[in-house]
Structures are given as structure tokens and as C-alpha cells.
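Just below is one structure, and these are the notes that go with it.
Nothing in this text is a laboratory measurement; each read-out follows from the coordinates by a stated rule. Since the model is a prediction, treat every value here as computed from it, not as a measurement. Quick reminder, even Gly has a Cβ in these numbers, built from the backbone with ideal geometry, and neighbours come from all protein chains shown.
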Amino acid sequence: MNVEIIPFKTEYATTFKDLNVAWLKKYFVVEPHDEEVLSNCKENIIDKGGYIYFAKVKDTII
């Protein structure tokens with residue numbers, strides 16, 4: 001399996017949210033603040049100097 005690590009792209013914002021919400025639901029609880037941050041990840045993370053990276057296999061973010 002060839003895994004590529006790529007930086008944030010707006011086209012993957014929904015995938016970022018979906019993966020994080022699934023993880024939170026499995027291990028914790030999704031709080032309103034989580035929804036806000038994850039729904040606007042570019043504004044709340046990237047634009048504030050944060051980083052988001054994705055693992056990509058072929059055309060799928062994993």
C-alpha cells in the first residue's frame with residue numbers, strides 16, 4: 001500500500017470533519033465546539049496558523 005501524506009486542501013474539508021466526528025463518536029462525544037471547529041476547519045485551524053495533513057491511498061483519504 002502506497003500512502004501519501006498531503007497538506008490540507010479545501011476539497012477534503014468534509015472528509016476531515018467526517019473522520020473526526022466518527023472518531024469522537026466512537027471514543028468520546030461530539031460537543032458543539034467540536035462541530036463548530038470541524039465545520040469550519042480552514043477558518044478555525046488553518047487560518048489561525050494550524051496544520052492539517054491527510055493520509056491518501058490512491059484517491060482515498062484514510
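Observations
- The translational diffusion coefficient of the chain, from Stokes-Einstein at 4 °C and 1.567 mPa s with a Kirkwood hydrodynamic radius over alpha carbon pairs, comes to 105 µm²/s.
- Counting Lys and Arg as +1 and Asp and Glu as -1 over every other residue whose Cβ lies under 15 Å from the Cβ of residue 48, the net charge comes to -2.
- Backbone phi angles across the stretch 46-62, fed through the Karplus curve with coefficients 6.51, -1.76 and 1.60 (θ = phi - 60°), yield HN-Hα couplings of 4, 5, 9, x, x, 10, 9, 10, 10, 9, 10, 10, 6, 10, 10, 7, 10 Hz in residue order; Gly and Pro are listed as x.
- Loop-located chymotrypsin sites (Phe, Trp or Tyr not before Pro) in the stretch 21-62 whose Cβ has at most 14 other Cβ within 10 Å (DSSP): 28, 51
- Amide H contacts of residue 52 (H built 1.01 Å from N, under 5 Å, at least 5 apart or other chain): 8
- Once the Cα-Cα distance is subtracted from the 0.36 nm per residue extended length, the residue 39 to residue 5 segment shows a gain of 10.0 nm.
- Axis of helix 13-27 versus longest Cα principal axis of the chain: the two differ by about 60°, to the nearest ten degrees.
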